[in-house]
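Asker: Below you will find the structure I want to go over with you.
Derivation of every value follows stated rules applied to the coordinates shown; laboratory data play no part. For clarity, every value in this text was computed on a predicted model and none was experimentally measured. A quick note on method: Cβ atoms are made from the backbone with ideal geometry, for glycine too, and the neighbour counts reach across all protein chains shown.
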Amino acid sequence: MAEYQFDLFADYYQFYLQDEQAAGDLSNSWTEQAIKDRLALAPGTIGIGTARNTTVPVMVVIHSSAPDEENPARWSHINECSLDLPSGRIVVAGCTDYFPDASRIDVKPGQYRARIYYGGLDTISEDGLAGSDNYKIVLWPDSQIEYQVLKRY
């Protein structure tokens, strides 16, 4: 298991995990349903919707096999989807970050499952600037699945 911590500027209420070689274009992926689900998908790219349009804490955890599921009561919202990583390099970035300078995580190339945990969504201030929201993405090698909302906020 490897664990990575980031503070990402969630401009436009989103940040990305994507394969280094993916186009990363989610412009047509943020549908009404995607906004409701807090998740937009494109080939090799996951867009994670945030509760604030500011810097947010993000943890990425890489496992070699399916991990135990965390207690869902601890989290406000949980999604699960697939992420194809043929390059073996994950880019972790805010949607307006300068791509060449964005953080990278090296993994074994292949198909991964991502479980995305959204915490503290009920702590956001009325003006939307303050809060204790946090985001955790757990990845492990697995076959392709249709995305699903495991717990809805």
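Asker: Report the residue, chosen from P67, P100, P86, that carries the largest GNM mean-square fluctuation when the chain is represented by alpha-carbon nodes joined by springs under 10 Å.
Answerer: Judging by the Gaussian network model, the answer is P100.
Asker: Which far-off residues, 5 or more places away or on another chain, put their amide H under 5 Å from the one on S103, with H placed in the peptide plane?
Answerer: V92
Asker: For the range 30-125, run through the chymotrypsin sites (Phe, Trp or Tyr not before Pro) and keep only the ones in DSSP coil with at most 14 other Cβ atoms within 10 Å of their Cβ. All intermediate terms of the calculation are to be shown ahead of the outcome.
Answerer: On the way: sites: W30, W75, Y98, Y112, Y117, Y118; in loops: W30, W75, Y98.
Sparse-neighbourhood loop chymotrypsin sites (Phe, Trp or Tyr not before Pro): Y98.
Asker: Once phi is turned into ³J(HN,Hα) by the Karplus curve 6.51 cos²θ - 1.76 cosθ + 1.60 with θ = phi - 60°, what whole-Hz value does each residue of the range 42-58 show in order, with x for glycine and proline?
Answerer: 8, x, x, 9, 10, x, 10, x, 10, 7, 10, 9, 8, 6, 10, x, 9
Asker: With a 10 Å cut-off between alpha carbons and a GNM built on the chain, which of E126, E80, E20 moves the most?
Answerer: So, out of E126, E80, E20, the one fluctuating most is E126.
Asker: Same structure, new question: Which residue fluctuates the most in the chain, going by a Gaussian network model with Cα springs under 10 Å, if the choices are Q21, Q33, Q111?
Answerer: Largest GNM mean-square fluctuation: Q33.
Asker: If each residue of separation counts as 0.36 nm, what is the full-extension length gain between F9 and S64 once their alpha-carbon separation is subtracted?
Answerer: 16.9 nm
Asker: Over the Cα atoms of the range 2-151, how large are the radius of gyration and the largest Cα-Cα distance (Dmax), in Å?
Answerer: 14.2, 42
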